[in-house]
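Asker: Pasting a structure below so you can have a look.
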Amino acid sequence: MTLVSARELVTAASDAGTGIGAFNVIHLETAEGLVRAAALAGLPVILQISQNCADYHGGLEPIALASLALARRAEIPVAVHLDHAERPELVDEAVALGFGSVMFDGGALPYDENVALTAEVAARAHRAGVFVEGELGEVGGKDGAHAPGVRTDPDEARAFVAATGVDALAVAVGSSHAMTDRTASLDLDLIARLRAALRGAGAAGADVPLVLHAEDPADIEA
Ligand SMILES: [Zn+2]
């Protein structure tokens, strides 16, 4: 097995009614550990590199090329994804480096600005065949921007997908980044309504999978 696009892994999971794990790479050892763990579990995995991680390393390229190299020699299918990019130029750099998928995070922007910028970034990524994740309704806790009770509205989600052309959507359904206690509670009813709203909502009638962001899934009480 080898480097694959997250499109392939996410679509297979969505079709099967399951999920696929995407874990953040911090440094080379994290990426090695994640690939090793996935191989031991016999499961595919998505390695994701965030804008914060790229900035920590002083640039995206070194950690990106290391992760892509690990993916190519892995025993199981591994995708490399750009996570929480708020700068469009970082998305363009990831596409040029060979990422199969990117997240453009306009979740903190006013709705109209999020739509306009996400659509622009997605169009460029799509020209390179790259799978694009957008975000609507800020996922709580990131960079201190936690807004308690923020939830993604299903009708708005469908309109956002239609207006931007994103292939997957990160939604606010009760999960949170940077949790320090077990207080997050997933709104399963809202997840079901979002899933129904995004069925067939993508390009060529494709389903648009939901992306759940959380610091540590073990800490979510569903
Ligand atoms: Zn996240």
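Asker: For segment 37-142, run through the trypsin sites (Lys or Arg not before Pro) and keep only the ones in DSSP coil with at most 12 other Cβ atoms within 10 Å of their Cβ.
Answerer: In loop regions of segment 37-142 (DSSP not H, G, I, E or B), the sparsely surrounded trypsin sites (Lys or Arg not before Pro) are R73.
Asker: What are the ³J(HN,Hα) couplings of segment 23-32, residue after residue, when phi is run through the Karplus curve with 6.51, -1.76, 1.60 and θ = phi - 60°? Round to Hz, x for glycine and proline.
Answerer: Couplings: 10, 7, 7, 9, 8, 4, 5, 4, 4, 4 Hz.
Asker: What three numbers, in Å, describe the spread of the alpha carbons of segment 39-152 along their principal axes, ordered from the longest?
Answerer: Computed over the Cα atoms, the extents are 42, 31, 26 Å.
Asker: What 222 nm value per residue comes from the helices of the chain, counting each DSSP H run with n ≥ 4 as -39,500 (n - 2.57) and dividing by all residues, nearest 500 deg cm²/dmol?
Answerer: Helix contribution divided over all residues of the chain: -12500 deg cm²/dmol.
Asker: In whole Å, what is the distance between the alpha-carbon centres of segment 60-90 and segment 104-118?
Answerer: 23
Asker: Can you tell me which of L186, L60, L40 moves the most in a GNM of the chain? Springs connect C-alpha atoms under 10 Å apart.
Answerer: Largest GNM mean-square fluctuation: L40.
Asker: Quick query: amide H of H81 versus all other amide H atoms, modeled in the peptide plane; which residues come in under 5 Å with a sequence gap of 5 or more or a different chain?
Answerer: Here L47, Q48, I49 satisfy the definition.
Asker: Let me check the size of the chain from its C-alpha atoms; what are the radius of gyration and Dmax in Å?
Answerer: Reported Rg and Dmax, both Å: 16.2, 44.
Asker: Another question about this same structure. Using label points projected 7 Å from each Cα along Cα→Cβ, tell me how many nm separate E32 and A12, to one decimal.
Answerer: If labels sit at E32 and A12, their model points lie 2.6 nm apart.
Asker: A further question on this structure: Jot down the radius of gyration and Dmax of segment 21-94, Cα atoms only, both in angstrom.
Answerer: Cα only, segment 21-94: 11.7, 36 Å (Rg, Dmax).
Asker: Select from A197, L90, H177 the residue farthest towards the positive end of the dipole of the chain; place +1 on Cβ of Lys and Arg, -1 on Cβ of Asp and Glu, and compute about the Cα centre.
Answerer: A197
Asker: Carbon and sulfur: what percent of segment 6-150's accessible surface (1.4 Å probe)?
Answerer: Whole-percent figure for carbon plus sulfur exposure: 56.
Asker: Would you mind getting the accessible area per residue of segment 16-93, heavy atoms of the protein chains only, 1.4 Å probe, in Å²?
Answerer: Accessible area per residue: 47 Å².
Asker: Ok, one more. Using modelled amide H (1.01 Å from N, peptide plane; none on Pro or chain starts), what sits under 5 Å from the amide H of V171, excluding residues fewer than 5 places away?
Answerer: V211, H213
The values are calculated or read from the model by the stated rules, or taken from the named source; none is laboratory data. All figures in this text were calculated on a predicted structure; none of them were measured in a lab. Because the Cβ atoms are built from the backbone with ideal geometry, glycine has one as well, and the counts that use them run over all protein chains shown. Remember, those area values only see protein heavy atoms, side chains included, never the ligands or the DNA or RNA. Shrake-Rupley method; radii C 1.70, N 1.55, O 1.52, S 1.80 Å.
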